[in-house]
Amino acid sequence: MSNFGIMVKPVGSTCNMSCKYCYYIENEMSHHSIMDHELLEITIKNYFESTSGPIASFVWHGGEPTLAGLDFYKRVVELQKKYLPKGWQCWNNLQTNGLLLDDDWFEFLNENHFDVGISLDATQAIHDFYRSDTQGNPTYSRVKRNIQKLKEYGVKADLLCTVTQQTTKDPSAVYSSLAELNTGWIQFIPIVNKTDGGYSEESVTPQAYGRFLVALFDEWLTKRIGNTDIQLFMELLNIYAGGQSSLCWLAEICGRIPVVEADGMVYSCDHYVNENNLIGDVSKTFLKRMMNSKHQVDFMYAKREDVCEDCLECKWWFLCHGACPKDRIEGKYYLCEGLKMLFEHSEEYLKRAVILLKQGYNYNQLKDLW
């Protein structure tokens with residue numbers, strides 16, 4: 001692979017929140033001190049020398065990446081300017097819980113054109129139930145305030161909302177609570193955490209997930225399309241229009257964004273930070289060589305190969321390609337039935353939307369044509 005982005009976790013899984021469903025915090029492979037500036041420079045230089053460009057993409061993740069401090073990211077920008085090849089563009093995305101953001105952060109993020117993703121679990125009651133700080137205090141009000149402050153500084157945050165079993169009980173309230181922040185973009189991320197006896201109580205069931213997605217789709221299509229969009233629905237619309245999904249879990253293969261931990265170790269994917277998927281050390285090996293290694297190529301294509309026959313013969317294969325391997329059971333995606341409910345319900349609407357958009361209608365006009 002010649003062109004790829006990277007995810008960097010400058011503080012590993014270290015976090016200032018204690019979310020009930022977090023899958024990072026228990027990962028021993030991700031417990032590190034802050035990435036030092038020497039290793040940061042090596043990482044940035046290595047990446048620029050390994051990808052073909054002309055777009056270079058960094059996702060800063062955690063844990064909570066702002067714990068590295070604002071000076072760390074000022075150094076990031078300095079190093080990117082130093083090593084960015086002539087004619088290239090550099091894209092930065094900061095995925096944060098938003099708690100540590102202040103005026104200095106807002107100004108920096110605006111001036112340096114960072115995209116920002118902030119986790120906010122829908123309504124205050126749901127968010128504060130799942131997402132407390134490490135002292136057990138609620139966080140919703142603080143996060144919501146900083147989302148609004150970002151907007152004042154000209155930064156519109158993408159909202160990331162997890163979908164738990166509790167979230168699915170009132171889809172309209174969930175969507176409305178997030179849409180009122182007027183950020184324009186929402187990602188809904190299903191929680192599927194396996195336990196020895198099955199799945200954790202916060203994990204969403206396939207049926208509840210399907211009903212939730214269908215209810216969201218109807219409200220999006222008739223009230224909010226083009227105003228407050230939902231990532232999954234826009235990806236499906238793009239696929240029906242002849243494009244390819246930018247979401248790894250819908251794509252034909254995965255592993256396009258390796259993870260660089262704070263100690264410089266590189267793994268196939270942020271869901272596979274383990275010994276079996278360690279592909280190298282960023283201070284010793286070019287990322288390009290890691291991405292073209294047999295291990296990583298096998299990892300990428302395993303998504304397509306390690307699926308059940310039902311998936312390969314499924315009418316909806318072209319939309320999901322078996323979805324995320326981390327949530328498969330014997331080759332079948334755990335939430336498959338939920339996705340099918342959405343696919344069945346949305347097919348004709350999305351096909352018609354593609355036709356109308358090609359005829360010159362805009363998204364706001366679509367709301368009145370159903």
In segment 1-15, anything over 12 Å from Gly63 (Cβ atoms) and more than 18 Å from the chain's Cα centre (by Cα) is listed as Met1, Ser2, Asn3
Within segment 101-116, the residues that are in contact with a strand residue (DSSP E or B) (Cβ under 8 Å, 6 or more places away or on another chain), closer than 26 Å to Cys19 by Cα and surrounded by fewer than 19 Cβ atoms within 10 Å (Cβ to Cβ) are Asp115
If we ask which residues in segment 178-217 are touching a Cys at 6+ places or on another chain (Cβ under 7 Å) and over 20 Å from Gln95 (Cα atoms), their number turns out to be 1
Taking segment 99-158 and keeping only residues that are on the phi > 0 side of the Ramachandran plot and at pLDDT 95 or above, one is left with His113, Gly136, Gly154
With the first residue restricted to segment 51-64 and required to be farther than 15 Å from Pro258 by Cα and open to solvent by less than 20 Å² (accessible area, probe 1.4 Å), and the second required to be at pLDDT 95 or above and not in a loop (DSSP other than H, G, I, E, B), Cβ contacts under 9 Å at 6 or more apart or on different chains are Gly53/Gln89; Glu64/Met17; Glu64/Thr96
Condition set in a strand (DSSP E or B) and either open to solvent by less than 20 Å² (accessible area, probe 1.4 Å) or free of Cβ contacts under 8 Å to residues at least 40 places away in the same chain (or both), scope segment 163-193, selection nearest to Leu109 (Cα to Cα): answer is Ile186
Taking segment 117-151 and the residues there that are surrounded by fewer than 16 Cβ atoms within 10 Å (Cβ to Cβ) and small (Gly, Ala, Ser), the one that is farthest from Thr162 (Cα to Cα) would be Gly136
Within segment 16-38, of all residues that are hydrophobic (A, V, I, L, M, F, W, C) and open to solvent by 40 Å² or more (accessible area, probe 1.4 Å), the one nearest to the chain's Cα centre (by Cα) is Cys22
When restricted to Leu247, Leu232, the only residue touching a strand residue (DSSP E or B) at 6+ places or on another chain (Cβ under 7 Å) and hydrophobic (A, V, I, L, M, F, W, C) is Leu232
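Residue by residue, here is whether (1) under 30 Å from Thr164 (Cβ atoms); (2) aliphatic (A, V, I, L, M); (3) free of Cβ contacts under 8 Å to residues at least 24 places away in the same chain holds:
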position	(1), (2), (3)
Cys15	yes, no, no
Tyr21	yes, no, no
Leu40	no, yes, no
Leu84	no, yes, no
Trp91	no, no, no
It is to be established whether one or more residues within segment 85-93 are at pLDDT 95 or above, closer than 17 Å to Pro10 by Cα and either buried (at least 22 other Cβ atoms within 10 Å of the Cβ) or of a type in the set (Lys, Arg) (or both). no
The one condition Ala323 fails out of (1) modelled with pLDDT of 95 or more; (2) open to solvent by less than 20 Å² (accessible area, probe 1.4 Å); (3) in a helix (DSSP H, G or I) is (3)
Original post:
Condition test on Ala157, is it in contact with a strand residue (DSSP E or B) (Cβ under 6 Å, 6 or more places away or on another chain) and over 19 Å from Leu67 (Cα atoms)?
Top reply: no
Just one listed residue, out of Lys284, Lys288, is of a type in the set (D, E, K, R) and either in contact with a strand residue (DSSP E or B) (Cβ under 9 Å, 6 or more places away or on another chain) or surrounded by 15 or more Cβ atoms within 10 Å (Cβ to Cβ) (or both), and it is Lys288
Quick count over segment 119-154, residues being farther than 20 Å from Glu64 by Cα and either outside any helix (DSSP H, G or I) or touching a Cys at 6+ places or on another chain (Cβ under 8 Å) (or both), is 3
Output for Cβ contacts, cut-off 6 Å, separation at least six or different chains, first residue more than 12 Å from Gly184 (Cα to Cα) in segment 224-243, second surrounded by fewer than 19 Cβ atoms within 10 Å (Cβ to Cβ) and basic (Lys, Arg), reads Tyr240/Lys351
By my count, strands (runs of 3 or more DSSP E) wholly in segment 1-101 with at least 2 residues that are of a type in the set (Val, Ile, Thr) are 6-8, 55-60
Cβ pairs under 9 Å, 6+ apart or interchain, first in segment 207-220 and at positive phi and assigned to a helix (DSSP H, G or I), second modelled with pLDDT of 95 or more and open to solvent by 20 Å² or more (accessible area, probe 1.4 Å), ordered by first then second residue, are none
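The values are calculated or read from the model by the stated rules, or taken from the named source; none is laboratory data. Just so it is clear, the model here is predicted, and its values are computed rather than measured. All Cβ positions, glycine included, derive from the backbone under ideal geometry; neighbour counts span all protein chains shown. The protein model used for the area step is the full one, side chains on, heavy atoms only, and it has no ligands, DNA or RNA in it. Shrake-Rupley method; radii C 1.70, N 1.55, O 1.52, S 1.80 Å.
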